[in-house]
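Read-outs throughout are calculated quantities, based only on the coordinates presented, and are distinct from any laboratory measurement. Bear in mind the structure is a predicted one, so any value in this text is a computation, not a measurement. No Cβ is skipped: glycine too gets one built from the backbone with ideal geometry, and neighbour counts run over all protein chains shown.
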Amino acid sequence: MSYEYFMSMLIPMLEGAKATVLLFVIAIVLSIPLGFLLTLAVRSSIKPISYLAQTFIYVMRGTPLLLQLLFFVFGLPLLPVIGEYLVLDRFVAATLAFILNYSAYFAEIFRGGLISIDKGQYEAAQVLGLSKWQTTVRVILPQMFRVTLPPIANESVSLVKDTALLYAVAVPELLHYAQTVVNRDFTIIPFFIAAGIYLLIAFGLTVVFKYLERKLQYE
Amino acid sequence: MSFIEVRNLQKSFGPLEVLKDISFDVQKNDVMAIIGPSGSGKSTMLRSLIKLEQVGGGSIIVDGDYLVKDGIYTNPTDSKMINSKMGMVFQQFNLFPHLTVKQNLELAPKLVKKEKTEDYGHRSIELLEKVGLASKANELPSRLSGGQKQRVAIARALMMNPDILLFDEPTSALDPQLTKEVLEVMKNLAEEHMTMIVVTHEMEFASNVANHVIFMDDGKIVEAGTPDEVIKSPKELRTKRFLNYELNK
């Protein structure tokens with residue numbers, strides 16, 4: 001196999017990897033804060049907000065991501081009356097589905113993190129006179145973040161792999177280009193290249209999260 | 001006027017009455033020891049003073065201001081002001097594990113009192129020297145022994161310049177050797193006339209350092225007085241039994 005031929009496979013795949021990485025970055029950056037807001041909503045003393053958030057999490061975790069993707073990309077425009085205003089770019093619609101789906105998982109991770117924090121931390125902050133906001137931001141969140149880092153890392157790697165579901169809603173990404181070359185040239189090599197690229201991204205993530213874990217270590 | 005007046009304090013957890021008509025006074029510079037068997041309500045009573053527990057009835061007056069009047073709490077602004085006159089040390093230390101020793105001391109002065117770095121920076125070092133831990137200023141709490149953690153917790157409470165310190169079984173999580181170093185710090189504070197209320201099982205501390213002792217059992221104050229009265233020559237049978245058990249442990 002010549003170098004030129006190899007590059008003719010690799011370059012479109014790298015192009016596709018761009019979509020993969022872009023989706024990953026947008027989804028992770030938006031779903032983590034959204035997930036945290038959902039956790040707060042679940043813990044809210046205002047019952048309707050809490051129930052709404054719990055229902056949302058239940059639906060998002062209880063139905064397949066693929067179904068949600070199909071719903072957002074192809075289903076929304078079919079809704080009566082409002083459907084015609086919901087014709088989104090496929091990539092945008094798919095990204096939205098990813099953000100909402102992953103925010104539900106992150107919400108559950110953060111909820112677990114908050115439960116693990118000793119109530120003595122709240123009491124110590126209270127007797128020192130810290131406000132609720134100061135307690136949350138300066139005492140609770142740093143500890144919650146440290147505790148939840150390993151499951152967040154795990155979820156991030158899952159997200160990288162789940163981006164391949166874009167294939168099903170016809171948004172070109174890494175796997176799509178790999179499959180195209182496989183069909184065109186009758187070769188299995190693009191699958192290996194694709195696997196290599198996914199592994200490379202996962203490896204990068206692992207390194208970053210391991211670094212964060214070490215840096216935030218306090219035990 | 002007493003610094004703290006507690007009148008007819010009452011509290012229940014569901015049908016279980018944990019505080020039954022508790023009344024006592026604490027004067028400035030008093031060191032009051034509260035003793036009693038587990039489940040007697042002594043910790044709940046102490047925690048009520050700084051609003052970690054809500055009482056169902058009675059009054060708490062701190063430095064002339066009502067925190068609770070006949071079971072009704074004052075507004076949050078005033079209760080915050082009242083609580084700021086008190087510091088608290090917990091059985092489980094409750095240091096912030098993600099902050100260094102020095103940061104633990106400086107967090108509240110910085111955030112709550114909006115002090116400048118020059119002010120709290122000096123004070124934190126001074127207080128760490130006072131509890132013998134200046135060399136640990138930049139360590140994380142996980143690197144300290146239990147006794148060291150508790151001394152840091154005391155220094156952290158002192159950073160806010162409280163008029164009174166509340167101790168909730170400060171040595172119950174420590175082995176005897178570490179207990180000694182914490183009691184030593186508390187004794188020094190007593191000698192500097194810090195006002196303190198100490199819930200404790202350390203009878204020696206109660207006898208030698210406190211000037212008032214309250215014995216609680218079953219949510220009530222059974223006996224109160226000087227250490228000589230309550231510990232050396234108790235009148236009530238329940239006090240005698242408890243002391244017999246504690247002193248022969």
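Would you mind estimating how fast chain A diffuses translationally, via Stokes-Einstein at 10 °C and 1.306 mPa s with the Kirkwood radius over Cα pairs, in µm²/s?
On the way: Rh = 19.6 Å.
Rounded, D is 81 µm²/s.
If R₀ is 45 angstrom, what is the calculated FRET efficiency for the pair B:GLU53 and A:VAL59, using the beta carbon separation as r and rounding to 0.05?
Details: r = 39 Å, r/R0 = 0.87.
Calculated value: 0.70.
Provide the FRET efficiency to the nearest 0.05 for the B:LYS180-A:VAL25 pair, computing r from the beta carbons and using R0 = 56 Å.
Once the sixth-power term is evaluated, E becomes 0.50.
Hey, rough spin-label estimate for A:SER116 and A:PHE6, points 7 angstrom out along Cα→Cβ, what's it come to in nanometres?
Going by the 7 Å Cα→Cβ label model, 4.3 nm.
In whole Å, largest first, what are the principal axis extents of the Cα atoms in chain B?
Cα spread of chain B along its principal axes, largest to smallest: 52, 45, 34 Å.
Where Rh denotes the Kirkwood radius from the mean inverse Cα pair distance, what is Rg over Rh for the range B:32-123?
1.03
Based on the Cα gyration tensor of the range B:193-249, what are the three equivalent ellipsoid semi-axes, each the root of five times an eigenvalue, rounded to whole Å and given largest first? Intermediate values should be presented prior to the final figure.
On the way: eigenvalues 62, 33, 24 Å².
Three semi-axes, in Å: 18, 13, 11.
Translational D (Stokes-Einstein, µm²/s) of the protein assembly as shown at 20 °C and 1.002 mPa s when Rh comes from the Kirkwood sum over C-alpha pairs? Present the calculation step by step, with values, prior to reporting the outcome.
Numbers: Rh = 26.5 Å.
Diffusion coefficient, whole number: 81 µm²/s.
Given an 8 Å cut-off on Cα distances and at least 6 residues of separation, report the relative contact order of chain A as a percent.
Numbers: 205 pairs, mean separation 64.2, N = 219.
Averaging sequence separation for qualifying contacts and normalising by length gives 29 percent for chain A.
Using only DSSP helix segments of four residues or longer, with each worth -39500 (n - 2.57), what per-residue ellipticity at 222 nm results for the protein assembly as shown after dividing by its residue count and rounding to 500?
Values: 16 runs with 246 residues, N = 468.
It lands at -17500 deg cm²/dmol.
Once both labels are modelled 7 Å past Cα along the beta-carbon direction, what's the A:THR180-B:SER233 spacing in nm?
10.0 nm
Past the 20 Å Cα-Cα mark, which pairs from B:LYS180/B:LYS249; B:LYS28/B:LYS110; B:LYS180/B:LYS240; B:LYS20/B:LYS232; B:LYS149/B:LYS187?
Flagged as over cut-off: B:LYS28/B:LYS110; B:LYS180/B:LYS240; B:LYS20/B:LYS232.
So what is the relative contact order for chain B, in percent, with contacts set as C-alpha pairs under 8 Å and at least six apart? Present the calculation step by step, with values, prior to reporting the outcome.
Numbers: 463 pairs, mean separation 64.0, N = 249.
Relative CO of chain B lands at 26 percent.
Normalised by the number of residues in the range A:97-160, what is the relative contact order in percent for Cα pairs under 8 Å and 6+ residues apart? It would help to have the intermediate numbers written out before the result.
Working: 26 pairs, mean separation 29.9, N = 64.
The value is 47 percent.
Would you mind giving the average projected area, over all directions, of the Cα convex hull of the range B:155-208 in nm² with one decimal? Show your work: numbers first, answer last.
Numbers: hull surface 14.8 nm².
With the hull built on Cα positions only, its mean projection is 3.7 nm².
Identify the residues of the range B:86-120 with backbone N under 12 Å of a label point that sits 7 angstrom from the Cα of B:GLU126 along the Cα-to-Cβ direction, or state none.
Within reach of a label on B:GLU126: B:119-120.
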